[in-house]
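The values are calculated or read from the model by the stated rules, or taken from the named source; none is laboratory data. Everything numeric here is computed off the predicted structure, so don't read it as measured data. Counting neighbours? That spans all protein chains shown, and the Cβs are built from the backbone with ideal geometry, glycine included. Surface areas here come from the heavy atoms of the whole protein model, side chains and all, with no ligands, DNA or RNA. Shrake-Rupley method; radii C 1.70, N 1.55, O 1.52, S 1.80 Å.
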Amino acid sequence: MMTSRTTLMALRGTGAICALASAVLHLLLVPSHLTEMPYIGVLFLIGCVVLLAVAAGLALQQRPLGAWLIGAATSIGMIAGFLLSRTVGLPGYRETDWEPPYGILCLIAEVAFVLAFVAWLKESGAPRAAADLPRGALRTGSSSARAR
């Protein structure tokens, strides 16, 4: 049976691998999308850079919540972009297929990242820890600091 610490590390590793996989897959698509629809290629490139930073953050940070949040937001955005581009379309851009194998592999990596994040949140107790903070502890300034 895995300990909580081992589980958390395994989930972080899974998240880092998923972020890295999505980044590499999108990087392979950047050149063709830069010529076909430049803003899509630029968005792919930005997503790659963000996900590489997320993978590094998950691997190296002691408190990886920020990396998880940025990675989940990026993954959800990429999933939404993928689905929108194949249904209602994006400005000036609409795909007609799922771009096998890249489209499916990207979706798998992004959904797996989000699922690993949800599992990490449950296992880490992050929501409980935030709920246990004293009221107002998350505000940026305290009343004593403002009085000075």
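Before moving on, here are some points about what is shown:
- Cα gyration tensor shape of the stretch 52-123, rounded if a/c is under 1.5, else prolate or oblate by comparing a/b with b/c: prolate
- The simple Förster model, with R0 at 35 Å and r as the Cβ-Cβ distance, assigns THR87 and SER4 a FRET efficiency of 0.30.
- Rounded to the nearest 10 Å², the accessible area of THR3 at probe 1.4 Å: 80 Å²
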